[in-house]
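Right, one structure below, let's go through it.
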Amino acid sequence: MLVFGSQRDKVTMYDYTLQLFDKIVSSEKKLHTFPDGLHQPFEDVESDEYMCVLTDWLKYKLKTFKTTRG
């Protein structure tokens, strides 16, 4: 999972992040952007939504890990 803010983020380049995502070879890749996000998702305006996205992804990965491991 690749999570990043928006074009407003002054630390990372939005276009380069999209290019990085496009180069990831995985059937499970997921991109989530936060339109009002900056560079610190735990402290941004959308931190609650970020935590929900992160929690949902971790639950999914844990469930699929358990399924593949028996």
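The values are calculated or read from the model by the stated rules, or taken from the named source; none is laboratory data. This structure is a prediction, so every number in the text was calculated from the model and none was measured. Positions of Cβ are generated from backbone atoms using ideal geometry, with glycine treated the same way; all protein chains shown enter the neighbour counts. All accessible areas refer to the heavy atoms of the entire protein, side chains included, with ligands and DNA or RNA removed. Shrake-Rupley method; radii C 1.70, N 1.55, O 1.52, S 1.80 Å.
Considering only the range 41-63, how many residues are surrounded by 12 or more Cβ atoms within 10 Å (Cβ to Cβ), in a loop (DSSP other than H, G, I, E, B) and modelled with pLDDT of 80 or more? Total meeting the criteria: 3.
Applying the selection to the range 15-25, what residues are open to solvent by 60 Å² or more (accessible area, probe 1.4 Å) and either small (G, A, S) or farther than 21 Å from F65 by Cα (or both)? Result: D15, Y16, Q19, L20, D22, K23. Residues that are part of a loop (DSSP other than H, G, I, E, B), closer than 11 Å to M1 by Cα, touching a residue at least 12 places away in the same chain (Cβ under 8 Å) and open to solvent by 70 Å² or more (accessible area, probe 1.4 Å) occur at least once in the range 30-40.
Working only within the range 7-35, note down all residues that are of a type in the set (A, V, I, L, M) and in contact with a Phe, Trp or Tyr (Cβ under 7 Å, 6 or more places away or on another chain).
Within the range 7-35, the first condition is being of a type in the set (A, V, I, L, M), and the residues that meet it are 11, 13, 18, 20, 24-25, 31.
Within the range 7-35, just L31 meets the criteria.
Going by the conditions given, is K10 assigned to a loop (DSSP other than H, G, I, E, B) and modelled with pLDDT under 85? Here the answer is yes, as K10 does meet what is asked. Within the range 1-11, the set of residues being surrounded by 14 or more Cβ atoms within 10 Å (Cβ to Cβ) and either among the β-branched types (V, I, T) or without any contact (Cβ under 8 Å) to a residue 12 or more places away in the chain (or both) comprises V3 only.
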